[in-house]
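Following: one structure in structure tokens, then a few remarks.
The values are calculated or read from the model by the stated rules, or taken from the named source; none is laboratory data. Keep in mind the model is a prediction, meaning the values are calculated, not measured. Every residue, glycine as well, gets a Cβ built from its backbone with ideal geometry; the counts of neighbours run over all protein chains shown. Side chains are part of the model used for accessible areas, which takes the heavy atoms of the whole protein and leaves out ligands, DNA and RNA. Shrake-Rupley method; radii C 1.70, N 1.55, O 1.52, S 1.80 Å.
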Amino acid sequence: FWPDIDLAVLQLTMRLDGTVTAERLQHAAINAMILVNRDLALWQQRQQDNGYTTLDTVPARTINGSSERQYLYLRAVYCLTKANLSERYSDYDSTAAKQDDGDNLQSTIDDLRRDAAYAICDLMDITHVTVELI
């Protein structure tokens, strides 16, 4: 049902610096696909019950000849893969400067997870709401 992920393209898109091995990238991407697929399992079943055999056959607008839902799926996988790799490959230096970098990195990781959640909601045509406690 879901599109295949080209790991070579994923690696180029993420601009990884070479410290992430191909095996680690593959592991992170597969983990991300598992998480996204679990979040979309009920939606996927409803689509299949309606006769749609692949994501590309579910009605949607197209961009560059592909379903926008495919792009959203790939975005969710990309964001979760990048978040996972960022968490695993963060620097362990505990100096004050590195602590600030770590705070910035955590913000980036949180942003990537939020973007993945938004992509999943958008794929399912669910509006997303952000609530902040004051």
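Observations, loosely collected:
- Of residues in segment 71-102 being modelled with pLDDT under 80 and touching a Lys or Arg at 6+ places or on another chain (Cβ under 9 Å), the one nearest to R24 (Cα to Cα): Y89
- Residues that are open to solvent by less than 60 Å² (accessible area, probe 1.4 Å) and farther than 19 Å from R114 by Cβ, drawn from segment 52-86: T54, L55, V58, A60, S66, S67, E68, R69, Q70
- Count - residues of segment 18-41 that are of a type outside the set (V, I, T), outside any helix (DSSP H, G or I) and open to solvent by less than 40 Å² (accessible area, probe 1.4 Å): 1
- Within segment 1-17, considering residues that are over 14 Å from A83 (Cα atoms) and among the aliphatic types (A, V, I, L, M), the one least open to solvent (accessible area, probe 1.4 Å): I5
- Residue selected from segment 42-68 under the condition closer than 17 Å to D4 by Cα and part of a helix (DSSP H, G or I), by the criterion modelled with the lowest pLDDT: D56
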